Amino acid sequence: MDLHMTRSRPRRDRNPRWRWVVSGVLLALVMVISLLVYFLNSVNREEDAKEAAAIQRANEAIQLVSVDEVDKFVWYDTTYVIHGKDASNTDQIVWVGKEKVDVKRAADGVDKAYIANQILTSYPDAEIKQIKPGIKDRVFVYQAFVYRKDEEGTNRHFYHFFRFDNGQRIGEGSPMPNQ
């Protein structure tokens, strides 16, 4: 009696179809991920180029020795707001619009912490999502994006605007529609 079993065919002759399927799926996955990364990088490159152009225009108005932050503000028009220091180490804020560049010393206005305090004083349960400077109706403002209760007690997102120069609230806030 023969205890050794014989194979019906040698191992190397088996059909390697599953290897081709797995290889094809992996290749397709790598290609999709590569295309996604390429697309996201191209979007970032475009936005980085716009920021660099805004910084260059700001430097034409006032020579900044350092740039600390760049905010993109979009309401009626797009404005880039550049925070930096000049040669005398003074904090400056530069609003770069399509047609105009405005420069103000940061000390000539309130800061984001002051705006946050204003919001939390009025709405203690509010969740501040974002505060950024911009221009609305030719006024230098801070725009605050806030999640809070409305008059009926429903949680909603609101846009609140505050003057840059004194922190005074502009209007009552614009509620976003609930979904």
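Side notes on the structure shown:
- Subset tally (residues that are over 13 Å from Ala53 (Cβ atoms), hydrophobic (A, V, I, L, M, F, W, C) and open to solvent by less than 70 Å² (accessible area, probe 1.4 Å)) for region 68-83: 2
- Filter pass, Ala144 being hydrophobic (A, V, I, L, M, F, W, C) and assigned to a helix (DSSP H, G or I): no
- Tabulated pairs, region 163-179, first within 17 Å of Ala116 (Cα to Cα) and at pLDDT below 90, second open to solvent by less than 60 Å² (accessible area, probe 1.4 Å) and among the β-branched types (Val, Ile, Thr), C-beta under 9 angstrom, 6+ apart or interchain: Gly173/Val146
- In region 88-104, the residues that are within 15 Å of Ala53 (Cβ to Cβ) form Cβ pairs under 9 Å with partners that are of a type outside the set (Asp, Glu) and in a loop (DSSP other than H, G, I, E, B), at six or more places apart or across chains, as follows: Val94/Ile62; Val101/Ile62.
- Residue under evaluation Ala116, criteria (1) in a strand (DSSP E or B); (2) open to solvent by 20 Å² or more (accessible area, probe 1.4 Å), criterion not met: (1)
The values are calculated or read from the model by the stated rules, or taken from the named source; none is laboratory data. Given the structure is predicted, the values throughout are model-derived calculations rather than measurements. Methodologically, a virtual Cβ is constructed for each residue, glycine included, from the backbone with ideal geometry; neighbour enumeration extends over all protein chains shown. SASA here: full protein model, heavy atoms, side chains in, ligands and nucleic acids out. Shrake-Rupley method; radii C 1.70, N 1.55, O 1.52, S 1.80 Å.
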